[in-house]
Amino acid sequence: MDLSYTPEEEDFRARLREWLAKALPGLPPKPKPEDWPGRRAYDLGWQRMLYDAGYADVHWDASPTVRLIFLEETEKAGAPYVGANFVGLLHAGPTIAAEGSEEQRARWLAPILRGDEVWCQGFSEPGAGSDLAALRTRAWRDGDDYVVSGSKIWTSHAEVADWCELLVRTDPQAPKHRGITWLAMPMNAPGVTVRPLRTLAGSAEFAEVFLDEVRVPVANRVGAENDGWRVTMVTLSFERGTAFVGEVVACRRVLGDLARVAYRNGTWDDPVLRRRLGRLNAEFRALWRLTQWNVSEAEGKGVPGVGGSVFKLRYSHARQELYDAAAEVLGPDALDLDRPWALDRLSSLSYTIAAGTSQIQRNIVAERILGLPKGR
Ligand SMILES: Cc1cc2nc3c(=O)[nH]c(=O)nc-3n(C[C@H](O)[C@H](O)[C@H](O)COP(=O)(O)OP(=O)(O)OC[C@H]3O[C@@H](n4cnc5c(N)ncnc54)[C@H](O)[C@@H]3O)c2cc1C
């Protein structure tokens, strides 16, 4: 493991920092959380700025270390988060880059990088979350198309997505992990109905997606028919391995701001709170080191390893502890959703569920790292 940066990497950092300092003041005002078309336009606009400046492909083509520097610097500078580009940039895109054909890479990757198209993830179903391989959305061949019927749930950004990375069952007779196929489905295809789901934070971050005999060209299949589970594991390794990396930097920034607020409003005088913030500081520093370690491990392999589960498990809990500490510092203001951090506190609750629950991450750590017997 090598945690130091080369002169070239430090040079990349310096140039990026300079560009961010010039580019960020030119950004339009941030849209309101509920304004999804506005958020789509804002997120795609930022992606386009990155593309024009030559930074858009950093998630895919740069070394993991350069990607880490990119995430660190953009977060530190307060640059926009990937937002609606999350699935395209951080899991569908890398999956297509790793598993797609030449034509598929040519068709889908550039529009993601340019900020032209948004992707969503149609994996979970009402009866298939943790046990994803139990999914029942059916697809059968009809000429050059698959015909897809079923439903998906918790599909983030479905309302504003152009494409969906969709898991379907193509062989109902095969053992459950073997009859699954990974398709790219256009969200404007006839038969796709999106019904937004409102979260406790008041906005519709995700949706139910109903599929009624939707025709998806066979050419949109990534990987072989019935080999979708293997392709899915590639997608999930990106989701758990690298998709949350930038947020650790954001949490460290919030922690610093929180300490300053505590100092100003007097809560800093409480030694228990000070100890809590100090422990969180150590925790996020350790998580950042763990990230560097995971990235260093991934260098050369091309896909993140199982260490992503360790990171995701601990990070999601530390994030909740951070916003609980924020609530203590803010007092009753923490209940006012227009105040900073109040919405983040509510959304932090979802982090131990999204991208695989904590129990599932513990199972993965137990079985694949500690070598304990497989659970039932
Ligand atoms: C904010 C957010 C965004 C999301 N975005 C998307 C998206 O874009 N696309 C998508 O496809 N999905 C998305 N999801 C869904 C997410 O992947 C699932 O919610 C998650 O995998 C858990 O599945 P479930 O909700 O069906 O819970 P269940 O699988 O029903 O789990 C219920 C409880 O049982 C526990 N449990 C289940 N099995 C085991 C086991 N074997 N051992 C121990 N405990 C177990 C779980 O840990 C959990 O506590 C999102 C979820 C959230 C919260």
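The values are calculated or read from the model by the stated rules, or taken from the named source; none is laboratory data. Quick caveat, the model's predicted, so the values are computed rather than measured. Note that each Cβ is placed from the backbone with ideal geometry, even for glycine, and that neighbours are counted across all protein chains shown. Accessible surface areas use protein heavy atoms only, side chains included; no ligands, DNA or RNA. Shrake-Rupley method; radii C 1.70, N 1.55, O 1.52, S 1.80 Å.
Worth pointing out:
- Comparison of 124, 151 shows that the only residue that is among the polar types (S, T, N, Q), modelled with pLDDT of 95 or more and either in the same structural domain as residue 344 (by TED's automatic domain parsing) or near the ligand (Cβ under 9 Å from one of its atoms) (or both) is 124.
- Each residue in the stretch 208-223 was checked for being charged (D, E, K, R) and either surrounded by 21 or more Cβ atoms within 10 Å (Cβ to Cβ) or at pLDDT below 95 (or both), and 1 pass.
- When the stretch 342-373 is filtered for residues that are near the ligand (Cβ under 10 Å from one of its atoms), over 20 Å from residue 201 (Cβ atoms) and open to solvent by 40 Å² or more (accessible area, probe 1.4 Å), the ones remaining, listed by number, are 359, 360, 362, 363.
- Listed by first and then second residue, the pairs with beta-carbon distance under 6 Å, at least 6 apart or on different chains, first residue in the stretch 318-345 and of a type in the set (D, E, K, R), second assigned to a loop (DSSP other than H, G, I, E, B), are 333/339.
- Looking only at residues of the stretch 11-29 that are free of Cβ contacts under 8 Å to residues at least 40 places away in the same chain and either assigned to a loop (DSSP other than H, G, I, E, B) or in the same structural domain as residue 297 (by TED's automatic domain parsing) (or both), we find that the one that is most open to solvent (accessible area, probe 1.4 Å) is 29.
- Residue 322 meets all of the listed conditions (1) open to solvent by 10 Å² or more (accessible area, probe 1.4 Å); (2) away from the ligand (no atom under 16 Å from the Cβ); (3) not hydroxyl-bearing (Ser, Thr, Tyr) but one, namely (1).
- A search for C-beta distances below 8 Å between a residue of the stretch 63-81 that is part of a helix (DSSP H, G or I) and any residue that is among the β-branched types (Val, Ile, Thr) and open to solvent by 20 Å² or more (accessible area, probe 1.4 Å), counting only pairs 6+ apart in sequence or on different chains, returns 64/242; 67/242.
- Test for residue 329: is it farther than 30 Å from residue 61 by Cβ, among the β-branched types (Val, Ile, Thr), over 16 Å from the mean Cα position of the chain (by Cα) and not assigned by TED's automatic domain parsing to the domain that holds residue 205: yes
- Residues of the stretch 198-207 satisfying the condition of being surrounded by 15 or more Cβ atoms within 10 Å (Cβ to Cβ) and among the hydrophobic types (A, V, I, L, M, F, W, C): 201, 204, 206, 207
- Hits in the stretch 131-174 (condition: of a type in the set (A, V, I, L, M) and in contact with a helix residue (DSSP H, G or I) (Cβ under 8 Å, 6 or more places away or on another chain)): 132, 133, 160, 161, 167, 168
- Once the stretch 225-240 is narrowed to residues that are open to solvent by 50 Å² or more (accessible area, probe 1.4 Å) and not aromatic (Phe, Trp, Tyr), the residue that is farthest from the ligand (Cβ to nearest atom) is 225.
- Hey, residue 339 surrounded by 15 or more Cβ atoms within 10 Å (Cβ to Cβ), touching a helix residue (DSSP H, G or I) at 6+ places or on another chain (Cβ under 8 Å) and basic (Lys, Arg) or not: no
- Taking the criterion of being farther than 26 Å from residue 340 by Cβ and more than 10 Å from the ligand (Cβ to nearest atom), the residues of the stretch 192-213 that qualify are 192, 193, 194, 195, 208, 210, 211, 212, 213.
- Residue 166 vs. criteria within 14 Å of the ligand (Cβ to nearest atom), assigned by TED's automatic domain parsing to the domain that holds residue 216 and surrounded by fewer than 20 Cβ atoms within 10 Å (Cβ to Cβ): no
- Top-ranked residue of the stretch 133-146 - restricted to ones that are open to solvent by 10 Å² or more (accessible area, probe 1.4 Å) and not small (Gly, Ala, Ser), ranked as nearest to the ligand (Cβ to nearest atom): 136
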